[in-house]
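Below you'll find the structure, written out as structure tokens, and then a few comments.
The values are calculated or read from the model by the stated rules, or taken from the named source; none is laboratory data. No experiment lies behind these values; they were computed from the predicted model shown. Because the Cβ atoms are built from the backbone with ideal geometry, glycine has one as well, and the counts that use them run over all protein chains shown.
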Amino acid sequence: MTDRKKKQRIVVAMSGGVDSSVTAAMLQEQGYEVIGISMQLWSCSASTAQEGENSGPGRVPDGISDARQVAEQLGIPFYGVNFEEEFQRLVIDDFVGEYFRGRTPNPCVCCNQRIKFGLLLQKARELAADYLATGHYARVERDDAGRFRLLTGQDAGKDQSYFLYTLTQEQLSRTLFPLGEMTKPEVRRLAARYGLRVAEKGESQEICFVPDNDYVRFLEEARGAGELDGDIVDSRGNVLGRHRGTYRYTVGQRKGLGVAHPHPLYVLGVDTEKRQVVVGSREELASPGLVATDLNWIIPPPGKPLEVTCKIRYRHRPVPCTVIPLPDNRVEVRFTAPEKSVTPGQAVVFYREDEVLGGGCIEKAILNAEC
């Protein structure tokens, strides 16, 4: 091991979960100077979708307490940072606002962009760290030209590269993902070998600030119940029933519509201006493409149509498509075959084999009539 490696200082984002704990232990074993940091983001006991971050009102959050104990076990410095105000402003307020605009946001993308690789990376720099390391299942490589490439994690079932498409070259140059070459069972075996107290800690749930997964309750507590109620209509505008708020529905939803119909109905879209929820058949869910905005390209931005694959949801399998550049940092995406449930507010992420090229926010689905 070189002296240079021994002198490198790495801040590890420690959530109290097994992934980030193993990340810290691995880097320490490899001879780096490791510092652990936990972020307090939310004032209710909760866990993050990616690493099990917890926080609680009036006490040390469970996740931070676990992280602190792991740091003590490893004998590394540990700090806690309170980003509650920033998290509320940059992530939660955005989440609530998007739902009330008829969109379905992905708060994990927003959190990675603004909190973890924004505020926390800045904190790592203030500690004179060379890198920020997290427990994400993804990989970073540097090519022969000196550009950094974001790659999928080797464990396809745990790959989290979809959530990281907003990272810039500068951020990637300061980021380590030590678990990218590993599978979850391998990580747990390592945790057991290190004797970490969190080795058997369970997986976390979807949204850290909605601990019971009842996002409708959360939205109504934020804005009040009874807003944006109106009609449920079919694609021709025929009224089929009433709903109690457009924010209760997302594209592709089938359950909870409360409409009697001889055939299954699915949410095709939400119109907050008309306060309408539009429903239709499964076949009507299919779209030939989409328009996305707020693009971030990890590769040089394309100046002509690009043949790639894309994911329109985290658990979506990558599908072939053509990306057509548009003005104002927008693109049109045309699928090789129609895709169901293209959802405004979600991320579309572009891949070439195992490399993340970039991505953006879905603005709208392209209707068959627009082809």
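Structure notes:
- With a requirement of 1 or more residues that are farther than 30 Å from GLY258 by Cβ and among the hydroxyl-bearing types (Ser, Thr, Tyr), the strands (runs of 3 or more DSSP E) lying completely within the range 276-371 that satisfy it span 286-297, 306-311, 319-326, 330-340, 347-352.
Okay, residues lined up against (1) surrounded by fewer than 16 Cβ atoms within 10 Å (Cβ to Cβ); (2) polar (S, T, N, Q); (3) modelled with pLDDT of 95 or more; (4) closer than 30 Å to LYS158 by Cβ:
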| site | (1), (2), (3), (4) |
| --- | --- |
| LYS255 | yes, no, no, yes |
| GLY258 | yes, no, no, no |
| VAL279 | no, no, yes, no |
| SER287 | no, yes, yes, yes |
| THR293 | yes, yes, yes, yes |
| TRP297 | no, no, yes, yes |
| LEU306 | no, no, yes, yes |
| LYS311 | no, no, yes, yes |
| VAL331 | no, no, yes, yes |
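- Residues located in the range 312-371, provided they are out of contact with any Leu (no Cβ under 9 Å at 6 or more places or on another chain) and among the aliphatic types (A, V, I, L, M): VAL319, LEU326, ALA337, ALA347, LEU367, ALA369
- Single residue of the range 219-241 satisfying the filter (assigned to a strand (DSSP E or B) and farther than 21 Å from ARG101 by Cβ) that is nearest to the chain's Cα centre (by Cα): ASP234
This table checks each residue for (1) surrounded by fewer than 18 Cβ atoms within 10 Å (Cβ to Cβ); (2) more than 25 Å from ALA199 (Cβ to Cβ); (3) in contact (Cβ under 8 Å) with a residue 12 or more places away in the chain; (4) among the polar types (S, T, N, Q).
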| residue | (1), (2), (3), (4) |
| --- | --- |
| LEU127 | yes, yes, yes, no |
| ALA133 | no, no, yes, no |
| TYR137 | no, no, yes, no |
| ASP144 | yes, yes, no, no |
| LEU151 | no, yes, yes, no |
| ALA156 | yes, no, no, no |
| ASP159 | no, no, yes, no |
| TYR165 | no, yes, yes, no |
